[in-house]
Amino acid sequence: MADIYIMGIESSCDETSCAVVKNGRTILSNVISSQADFHTVYGGVVPELASRMHVEAIVPVIESALEMAKLHSFHDLSAVCVTKGPGLVGALLVGVSAAKGICEIENLPLVGVGHIEGHISANYLSDIELTPPFVCLVVSGGHSHIVYVADYGKYEIMARTRDDAAGEAFDKISRAIGLGYPGGPKMDKASQGGDESKYVFPKSRFQDSLDFSFSGMKTAALNQINQIKMHSETFLLADFVASYQYAIVDVLASHAIEACKRKGCNRLCLAGGVSANTRLRNEMDKRCSDSKIKLSYPPIELCTDNAAMIAAAGYYQYLRGDRDDLSLNAIPSLQLPE
């Protein structure tokens, strides 16, 4: 069987990325142009500015990915797969438009891919032996899901957030204590050496549901910050961040382990930007070991938004015969198919 070369394009938020992946598992190139430093001064992503920067970056990124993959031309590709949603609509349209242009000119198949499916599929790139079924904890700035992956492209959402996602909870408190954006990695670093038991935060749980809710925890953290300021108390940054971080991690980890038990599944994966968090990885390593569950998670560079994960997810859609035409549009509120 001939090798299948998939080009992936990702532009859902503040990373412009293009990758070439062989047979859904081997990364030949994965070029990422990040806007994170630019948006830091605004405390978060400015959608209009992000879209303009995607326009400037998209062609050079695509050219670099093709060159790094050592392919002679677009004709060596089997298909082009692009993130169609969810995400910022203007940012998504840049990637979708570029993919459609390539496919129209080069007569290549076009496949629209869901961003969350991409995050899940990043695990296929880092663990070549991984096959469904497995449970996946997807945690990022906009998503907190527990997904049962029954087969390639077949998903059952076992839990989701009812308000703020874990990444949002990190970002908002990071801004409140002056660490800035992006909150996740800055709080991860600031928590080092901190006392996780110094501050206590409420953990929302629902009867007969594994759903998440981080808004109460975020509000409690803001109230504690205000109380500390009002009483002129010493603000122990490392202790506060470590305590808040562990409260989030404890909820994520306990729900993920419980999901595996409910499914009788001994295979668990992590995905999404928050899965790069050091405390989450350490806690999941420990709890999975205690519960005899095999754990996988991608390297840091595949946890944040990237095109290799889109190519990996698109590969399995391509094999199923999924195709899109030039009417493909961005879907900013796209949900994971069930």
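Where both bridge residues fall in the chain, DSSP classifies roughly 60% of the beta bridges as antiparallel.
Using the Cβ-Cβ distance between residue 41 and residue 238 with R0 set to 30 Å, the FRET efficiency from 1/(1 + (r/R0)^6) comes to roughly 0.75. Within the listed set 41, 31, 94, the residue fluctuating most in the Gaussian network model of the chain (springs between alpha-carbon atoms under 10 angstrom) is 41. Of all DSSP beta bridges confined to segment 132-298, the antiparallel ones make up roughly 60%.
Taking N as the residue count of segment 41-86, its C-alpha radius of gyration divided by 2.2 N^0.38 Å amounts to 1.53. Counting pairwise Cα distances across segment 41-177, what percent come out greater than 26 angstrom? Within segment 41-177, distances greater than 26 Å cover 39 percent of Cα pairs. What FRET efficiency would be calculated for the residue pair residue 292, residue 49, taking the C-beta separation as r and a Förster radius of 45 Å, to the nearest 0.05? Efficiency at R0 = 45 Å is approximately 0.40. The smallest convex shape that holds all Cα atoms of the chain, its convex hull, gives 129 Å³ per residue. In degrees from 0 to 90, rounded to the nearest 10, what is the angle of the helix 47-68 Cα long axis to the longest principal axis of the chain? With both axes taken from Cα atoms, the answer is about 50 degrees.
Computed from the coordinates by the stated procedures, all read-outs in this text should not be read as laboratory data. Since this is a predicted model, take the numbers as computed values, not measurements. FYI the Cβ positions are ideal-geometry reconstructions off the backbone, even for glycines, and counts take in every protein chain you see.
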